[in-house]
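The structure appears below as structure tokens.
The values are calculated or read from the model by the stated rules, or taken from the named source; none is laboratory data. Since we're looking at a predicted model, the values are computed, not measured. Glycine gets a Cβ as well: all are built from the backbone with ideal geometry, and neighbour counts include every protein chain shown. With ligands, DNA and RNA removed, areas are computed over all heavy atoms of the protein, side chains included. Shrake-Rupley method; radii C 1.70, N 1.55, O 1.52, S 1.80 Å.
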Amino acid sequence: MRKLLLFSLTFCLPLLLSAGGGMWLPLLLENLNEEEMKGMGMKISADDIYHINKGSLKDAIVHFGGFCTGEVISNQGLVLTNHHCGFSAIQSHSSLEDNLLENGFYAKTKGEEKATPGLFVTFIERIEDVTNSVLDGIDEDTSEKERAALVAENIAALKARYRLKDHEDLLVKPFYDGNQYFAFVTKTYNDVRLVGAPPSSIGKYGADTDNWEWPRHTGDFSLFRIYTAPDGSPADYDADNIPMVPKKHLEISLGGVKPGDFSMIFGFPGRTDQYLSAAAMQQRTAIINPIRIGMRDRSLAVIDSAMRADQQIKIDYASKQARIANAWKKWRGESEGVAAVDAIAKRKAMERDFLTRLRAKPGEQERYAPLLPEIDALVEQQEAVASSNAYAAELNYNIDLFRIANILRRQVKIAESNGLEEFKRRLPGIINYLESFYAGYNAEVDKRVAKALLPVYYANVPEEHLSFYVQDQVEFAGSLDRMITDLFERSYLTKGERLLRLLRNDPENALNLLRGDMGYVYVAQLNTHNEREVIDIYNEYQQRAAPLQRQYMKGLLLFFPEKRLYPDANSTMRVSYGKVEGFTGLDGKKFDHITDLDGVIAKYQPGDYEFDLPLKLVKLHQDKDYGRYAMKNGKLPVCFLGSNHTTGGNSGSPALNGQGQLVGLNFDRTWQSTMSDVNYDPTICRNIMVDIRYVLFLIDKLGGAPHLVEEMTLVK
Ligand code: ARG
Ligand code: ASP
């Protein structure tokens, strides 16, 4: 009954203007958003965006590799995504002799397109509300354990009812913390080939310095093509495969954007936590983020100085450093943003509103009144383990010796539970991984990272979360510093060549040696203890919080029907919309909505690793040779801003105009905008897109690949 009530409520939510933000399910737009979208300048209809019987925009959008978004932009299966999404594919085809990363690359013919094993794209065939099936037999009195079992059972039964074809799958995902469930019928293509990419100097222009910042000047794109079996069905790689003939591909507008234009982002946002309690938001942004940022401040200081001092280290650490720095900077922006707009106080106010509205519903007191205090109590109780876990997680993430020990630890466990033969069967894969890992490994830098991080770990993690064995090692060595030196000197893990030789020649002996290796044992002990005393307990709190959070979410939906609350991102297909617009920073500084090539050139520093440029681009700028891609003022557009709610996973998402035409490619957010993962604030949260005209210019004029532009559908 209650469930039904919730349904009818969510279904007929009034079409009031939301406070901005939101990542909406494409199949619900007609009921929830279409009117507002049209009011904001959208000319197409919800049907044009999502329809199951006729080709709609959703048929041109792909989940790219499971971690980014891409879109089909020609009737021959050409796919556009970000450079940073295609990065490892491009890297895998690069060598010193033929460095595609450095020089850029465009296939001149389809025959030159590069098969990329392991890369796949997934389309969404249709989406269905399956809440009633998944929650069948569950009511308010069902225990959590029973509930979980019933949900799993119901999902299995549901899957059996769908007649899925080859390469199709059914994903069933919880929404609103498990108050609603949607099923996604997916179709996956495994033959995806690299077609083109600009040089990294353009695709990563500004690198870390400009990452998460505006004004921005990055040409963050790359091109791929989907291949199918000759009959058009999805297929694994085969030389006889043919370019896909898609149901739908996006039209590209050369018309450009101006402030106030309707803007829409279509893609696969990964994860948001919009409905965290104030206490949980406080813990995340004031306790956990600072721990992780502090650890990375230290490791990045070591890595950056090593990279500055040595050309080879600079190359070896490039992607490692980018990975560490991306989240480091994101957390800083998030915590700063939350503090700057007083998001915690606002969340507290919302919690008070919750109680006020609850008071008007006497029958619901018993169920809803205890929720927030219980959630807050759990948040408080978990703080110690959450903090210790943050320190340990950073050791595991930043110190390569830890990374490698953890990978080997999984293999040792497999050998222990499934036998030596299974270990040997997996060995080629492991060796493969280790070879590329050690190719860029530098034990000296790694030791310095360890010396920068481990003292912080020991100084801040309480005794009961630390392993005695590990502490004994430290004491035995006389000092932590001495112990780390010993560790790096004596461990095989720091000597890739020897470890690899051993694994290749005598896997059984290698296993035995590992079990006694000082580095391996140290990391294994630390983590075994951490898993038992920290992670398991942390997970227990999370499990206890889940049903409370689910109830609270249900209460929010019931008590705030006018608020049109959107479901948190969960790597499913979503639409967000807003306007093309600049912003005024919290310090009052105004930022324009667009950047141009003059700005790129203004930042140009020949030889610098972040701000170098191909000379040909400098020349094209000198000659103002922009062809049909220039703006009315004669300048070449580069990036622009919008008030679309996005998050990680939205990289590569198409930026569409009111006509549903492609005008840009999403790739980032501005400083402080990253708080939108917990608190979307329309005054300053902006997503960053590359202008499609810059992309086309780079392919056509700089890359000399006009044939690729010719296969697209351009409209003025
Ligand atoms: N900040 C963007 C996103 O999270 C772009 C990241 C590209 N990588 C980089 N290190 N610049 O993922
Ligand atoms: N850069 C992010 C991505 O890779 C997008 C974002 O977090 O705004 O998905």
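Details
- Considering helices alone, the calculated mean residue ellipticity of the chain at 222 nm is -14000 deg cm²/dmol, with DSSP H runs of length four and up weighted by -39500 (n - 2.57) and normalised per residue.
- Where region 623-713 is the region considered: accessible area per residue in Å², 1.4 Å probe: 24
- Cα gyration tensor, region 343-384 - rounded (a/c under 1.5), prolate or oblate: oblate
- Peptide ranges 224-236, 549-561, 417-429 listed from the most packed, as the mean C-beta count within 10 angstrom indicates: 549-561, 224-236, 417-429
- The 1.4 Å probe gives accessible areas that order ILE601, ILE252, largest first, as ILE601, ILE252.
- For region 346-481, the solvent-accessible area with a 1.4 angstrom probe is 50 square angstrom per residue.
- Rounded, prolate or oblate (a/c below 1.5 giving rounded, otherwise prolate when a/b exceeds b/c) for the chain by Cα gyration tensor: rounded
- Annotation for region 611-716: chymotrypsin sites (Phe, Trp or Tyr not before Pro) lying in DSSP loop with at most 15 further Cβ atoms inside 10 Å of their Cβ do not exist.
- Cα-centred dipole magnitude for the chain, charges only on beta-carbon of K, R (+1) and D, E (-1), debye, nearest 20: 1040
- Sparse packing (at most 15 other Cβ atoms within 10 Å of the Cβ) combined with a DSSP loop state is found for the following chymotrypsin sites (Phe, Trp or Tyr not before Pro) in region 138-202: TYR162.
- Extended-chain gain in nm, criterion 0.36 nm per residue less alpha-carbon gap, ASP587 and ASN75: 179.6 nm
- Prolate is the label for region 466-586, because the ratio a/c of its alpha-carbon gyration tensor axes (a ≥ b ≥ c) is 1.5 or higher and a/b is greater than b/c.
- Residues TYR438, TYR538 ordered from highest to lowest accessible area at a 1.4 Å probe: TYR538, TYR438.
- For LYS624, the shell of other residues with beta-carbons less than 15 Å away shows a net charge of +3, using +1 for Lys and Arg and -1 for Asp and Glu.
- Derived scalar couplings between HN and Hα for region 529-542 equal 5, 4, 5, 6, 8, 10, 5, 4, 6, 4, 4, 4, 4, 4 Hz in order, rounded to whole Hz, by the Karplus curve 6.51 cos²θ - 1.76 cosθ + 1.60 (θ = phi - 60°), x for Gly and Pro.
- Spatial separation of Cα centroids for region 344-403 and region 423-487, in angstrom: 32
- Annotation: peptides 124-134, 238-248, ranked by per-residue average of other Cβ atoms within 10 Å with the highest first, follow the order 124-134, 238-248.
- Expressed as a whole percent, the accessible area of the chain that falls on carbon and sulfur atoms is 51 (1.4 Å probe).
- In a DSSP loop and with at most 15 other Cβ atoms within 10 Å, the chymotrypsin sites (Phe, Trp or Tyr not before Pro) in region 27-117 are PHE67.
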